[in-house]
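Participant: The structure that follows is given in the form of structure tokens.
The values are calculated or read from the model by the stated rules, or taken from the named source; none is laboratory data. What you see is a predicted model; the values in this text were computed from it and never measured. Note that we place each Cβ from the backbone using ideal geometry, even for glycine, and neighbour counts take in every protein chain shown. When the accessible area is computed, the model is the full protein with side chains, heavy atoms only, and any ligands, DNA or RNA have been set aside. Shrake-Rupley method; radii C 1.70, N 1.55, O 1.52, S 1.80 Å.
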Amino acid sequence: MKYRYMANNKDIEVITPIDYNELLQQAVAVLENARIAIARSVAGNVSNAHWEIGKLLQEKKLDSKYGAGVVERLSIDLKQRYPKMGLSPRSLWLMKKFYCRFCNSSLKLQQAVAVLPWGHTAELMSNKGTKDNDDAILYYAIETVSKG
């Protein structure tokens, strides 16, 4: 059996089922690779934005004791502009923690963490087994990326 199509009002045999399955698998692989690349790009850009906001908060020397009101107001104003981005005060403090935790880390670790989804990074910073262990975080980040 062959798949058929019409061209110029003529019935033309095009491809065998085996050839079609190969074509389908190749097309799926292309799309899956594109989806992975897009997800990595998005994660990297989100991570970069969180890094920069954390850096801003650190540079302004805001902390939970003296900067809570400022961060609360910042959260309100940012959420008005970007209502779907999860910019709660807790998230903003987590961004500062992210920056402070990794700003003096090796470039290799920074790059590895930068491509992780934000939820993974937040978990790594709070998990007892990884929060202060650069080697464990690096291992986790590399494994996560390699396994997609």
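Participant: Could you check which residue among ALA37, ALA112, ALA29 shows the biggest mean-square fluctuation in a GNM of the chain with a 10 Å Cα cutoff?
Facilitator: The residue that fluctuates most here is ALA29.
Participant: Separate question: At 1.4 Å probe size, with no ligands or nucleic acids counted, give the accessible surface of VAL145 in Å², nearest ten.
Facilitator: Looks like 50 Å² after rounding.
Participant: Taking the Cα centre of the chain as origin and charging only Cβ (+1 Lys, Arg; -1 Asp, Glu), how large is the dipole, in debye to the nearest 20? Working shown, then result.
Facilitator: Values: 21 positive and 15 negative charges, 145 e Å.
Charge dipole, the chain, about its Cα centre: 700 debye, nearest 20.
Participant: If you don't mind, there's one more thing I want to ask. With the radius of gyration and the Kirkwood radius both derived from the Cα set of the range 42-122, what is their ratio Rg to Rh? Please report the intermediate quantities before stating the final value.
Facilitator: Values: Rg = 12.5 Å, Rh = 12.9 Å.
On the Cα set of the range 42-122, Rg over Rh gives 0.97.
Participant: Using a 1.4 angstrom probe, figure out how much accessible area the chain has per residue, in square angstrom, rounded to the nearest whole.
Facilitator: Numbers: 10590 Å² over 148 residues.
Averaged over the residues of the chain, the accessible area is 72 Å².
Participant: Could you give each residue of the range 63-68 its phi-based ³J(HN,Hα) in whole Hz, using Karplus coefficients 6.51, -1.76, 1.60 with θ = phi - 60°, and x for Gly or Pro?
Facilitator: The phi angles translate into 9, 5, 7, 9, x, 4 Hz.
Participant: Along the charge dipole of the chain, Cβ charges K/R +1 and D/E -1, which of ALA29, GLY129, HIS50 sits furthest on the positive end?
Facilitator: Going by the Cα projections, it comes out as HIS50.
Participant: Under the rule of at least 5 residues apart or a separate chain, name every residue whose amide H is placed under 5 Å from the amide H of ILE15.
Facilitator: Residues meeting the amide H criterion: TYR3.
Participant: Provide the solvent-accessible area of ASP132, counting protein heavy atoms only and rolling a 1.4 Å probe, rounded to the nearest 10 Å².
Facilitator: 130 Å²
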